[in-house]
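Here is the structure we will look at.
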Amino acid sequence: MMGNTPNHHEVDVAIVGAGPAGLTAAYLLTRQGKSVAIVEQDPDYVGGISRTVEHAGYRFDIGGHRFFSKSQAVVELWNEILGEEDFIQRPRMSRIYYQGKFYSYPLRAFEALWNLGIWRSTTCMASYLRSKLFPKKDVKSFADWTTNQFGKVLYSIFFKTYTEKVWGMPCEDMSADWAAQRIKGLSLWGAVVDGLKRSLGLNKSPNDGMATKTLLETFRYPRLGPGMMWEAARDKVLASGRGRIFMGHRLKQLAADPQGGWRLSATGPNGEVVISAGHAISSAPMRELARRLHPLPRTALQAANLRYRDFLTVALMVEGEDLFPDNWIYIHDSKVKVGRVQNFRSWSPEMVPDARMACVGLEYFCFEGDGLWALPDEELVALATEEMDTLGLLDPAKVRGGAVVRQAKAYPVYDEHYAANVDALRRELEERHPTLHLVGRNGMHRYNNQDHAMMTAMLTVENILAGERLYDTWCVNEDAEYHETGEEGADRRLPKRPVSADQAAALASVRDVPERLAPGRKAA
């Protein structure tokens, strides 16, 4: 090694990405006396998809991040990094918006049927009865399963439009297995019976037919948005004197050295930096990492076939009171492209600097480079304003400004080959490079929650400090359902490898993602 120079740095651990996983690892390593260097491609913000973007004093949460975990270790780490005094307790509220009316989420059967009106409700019930009398026998797709469960009319209103907006593929191409997992425990008949019991005072359950998926009524949230957490982590890493963060630097190459360590090079605004380290941690997308590894992995072709779903947020500053009290609303209307609308003040009053103004964020799901993604910002602001008018949610004359935030690779796509592709690259890297560690959502191509990303980093740090892989960070209890239910730190389900119950609680914090049907399995 050359020693430290302005463009060359020797550290114990090199880290790619300053998101929740990368910064968690950096914080814990520096706390243990290890030196770290992080390269982050964003020139301004840390936190990855959990960052808070600021524009003219307004703060935007990219995707919405509730701070909840069943792992006490994660909760304690949040408190340690940010401090409990900077958390606020917020009411949880999210509803479906369809044809000018709000519907509870999860759906309440009586409310939904009342809002739909007599004629459409009758049609829904007739469609439901037909699906029960004459169900489709060969159930392959999300559309098949959901139609059988609710009838074609309710499926088309409450499932089809939004699901296709989010994932960018027809419901006929999504696997029925995902539908069964995602909507497990909910049936229209169960909801109606439960509603009748509640009307007669025989059932005090807070959710109609949704006991298996009761959601938190409140949640904790950093008062200045999720990025506040990761900015605090960054500051602690830098204050330790053992950490450096190179903002606006894109990974150029991660090369294995003959001693089993790593030479990382990254390009930034002032040229190239080189980092030499004994270990490397990567939260970069697996596809991008494989392209930049030297020597090139044998499984680089499989990694190149991994795909991602992207999205963008258009924030509108609107004169007047908040448009709705929800944290966000789901838009089940095919006349508009927007999929979800956030109300940033409902996350925290401090996200909006002017009490006379409201600020909403319209979320559009897309693929990087497609027509929506490539639209100029001013056209996206105009589109968002027009669609909110179409939905009847605001008066365009009251819009005082707008801003656009693009988020590439927000969601890993689970197609028919993704699992084999991920497994092939993972196994090769573990076999050939024991000092390379993959963490986080994109680093592991896993649609996870924030606490799962953090736990993969926490266990990776334990492995590095021990000098061996004590924990399998890929070990997720496939049988465990993870929902925002119960008490924090309360989960005690064990995964397949020896981690503690508390660690298992965070490792089980992954989300269901639709898998695309193979061509031969699609419905005729």
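The values are calculated or read from the model by the stated rules, or taken from the named source; none is laboratory data. The structure presented is a predicted model; accordingly, all values stated were derived computationally and were not measured. We place every Cβ from the backbone using ideal geometry, glycine too, and count neighbours over all the protein chains shown. Calculation scope for accessible area: heavy atoms of the full protein, side chains included, ligands and nucleic acids excluded. Shrake-Rupley method; radii C 1.70, N 1.55, O 1.52, S 1.80 Å.
Under 19 Å from a point placed 7 Å out from the Cα of Glu350 along the Cα-to-Cβ direction: which residues of the stretch 226-246 have their backbone N that close? Answer for this model: 226-236. Is the C-alpha gyration tensor of the stretch 266-359 telling us rounded, prolate or oblate? Criteria: a/c under 1.5 is rounded; beyond that, a/b larger than b/c is prolate, otherwise oblate. Here the stretch 266-359 falls in the prolate category. Beta bridges per DSSP, both residues in the stretch 1-74: antiparallel share near 55 percent. Near Arg244, the amide H atoms lying under 5 Å from its own belong to Val36, Ala37, Ile38; only residues 5 or more places off or on other chains count, and H is placed 1.01 Å from N.
Scanning the chain for GluC sites (Glu not before Pro) that sit in a DSSP loop and have at most 11 other Cβ atoms within 10 Å, the longest stretch containing none of them is 1-216. Proximity of backbone amide H atoms, modeled 1.01 Å from N, is registered between Lys70 and Gly489 at under 5 Å, excluding neighbours fewer than 5 places apart on the same chain. Here's the picture: a label point sits 7 Å out from the Cα of Lys337 along the beta-carbon direction, and within the stretch 304-318 the residues with their amide nitrogen under 11 Å of it are 312. Convex hull volume per residue, computed on the Cα atoms of the stretch 110-186, equals 91 Å³. How much of the accessible area of the chain, probe 1.4 Å, is carbon plus sulfur, in whole percent? That fraction is 51 percent. First obtain the Kirkwood hydrodynamic radius of the stretch 52-178 from its Cα pairs, then insert it into the Stokes-Einstein equation at 25 °C and 0.890 mPa s, and state the resulting D in µm² per second as a whole number. Result for D is 135 µm²/s.
I'd like the distance between the alpha-carbon centres of the stretch 249-282 and the stretch 372-422, rounded to an integer number of Å. Taking the Cα centre of the stretch 372-422 as reference, the centre of the stretch 249-282 is 34 Å away. Around the amide H of Val318, modelled in the peptide plane, lie the amide H atoms of Ala358, Cys359, Val360, Arg400, all under 5 Å away and 5 or more residues distant in sequence or on another chain. Cross-link pairs exceeding 28 Å between alpha carbons, from the set Lys101/Lys152; Lys152/Lys337; Lys140/Lys165; Lys101/Lys137: Lys101/Lys137. Extending 7 Å from Cα along the Cβ direction at Ala408 and again at Ala304 yields two label points whose distance is 1.8 nm. Note that the stretch 1-121 presents 41 Å² accessible area per residue, ligands and nucleic acids not counted, probe 1.4 Å. Using only the alpha-carbon atoms, how far is helix 109-133 inclined from the longest principal axis of the chain? Give it as 0 to 90 degrees, nearest 10. For helix 109-133, the angle is close to 90 degrees.
DSSP bridge analysis restricted to the chain gives an antiparallel fraction near 70%, rounded to the nearest 5. If you bin all the Cα-Cα distances of the chain at 10 Å, starting from zero, the percentages per bin are 4, 17, 28, 27, 17, 6, 2, 0.
Mean sequence separation of contacting Cα pairs (under 8 Å, at least six apart), scaled by the length of the stretch 314-375, corresponds to a relative contact order of 39 percent. Simple spin-label estimate for Asp257 and Ala397 gives 6.8 nm between the two label positions (7 Å along the Cα-to-Cβ direction from each Cα). Computed over the chain, the per-residue total of -39500 (n - 2.57) for DSSP H runs of n ≥ 4 gives a 222 nm mean residue ellipticity of -10000 deg cm²/dmol, rounded to 500.
Working from label points 7 Å from Cα in the Cα-to-Cβ sense, the Glu321 to Arg92 distance is 2.7 nm. Oblate is the label for the stretch 48-102, because the ratio a/c of its alpha-carbon gyration tensor axes (a ≥ b ≥ c) is 1.5 or higher and a/b is not greater than b/c. A Förster distance of 30 Å, applied to the separation of the beta-carbon atoms of Leu133 and Asp177, puts the FRET efficiency at 0.75. Placing +1 on each Lys and Arg Cβ and -1 on each Asp and Glu Cβ, with no other charges, gives the stretch 41-174 a dipole about its Cα centre of roughly 1180 debye.
Taking θ as phi - 60° and the Karplus parameters 6.51, -1.76 and 1.60, the scalar couplings of the stretch 440-450 work out to x, 4, 6, x, 10, 6, 9, 6, 10, 8, 4 Hz in sequence order, x denoting glycine and proline.
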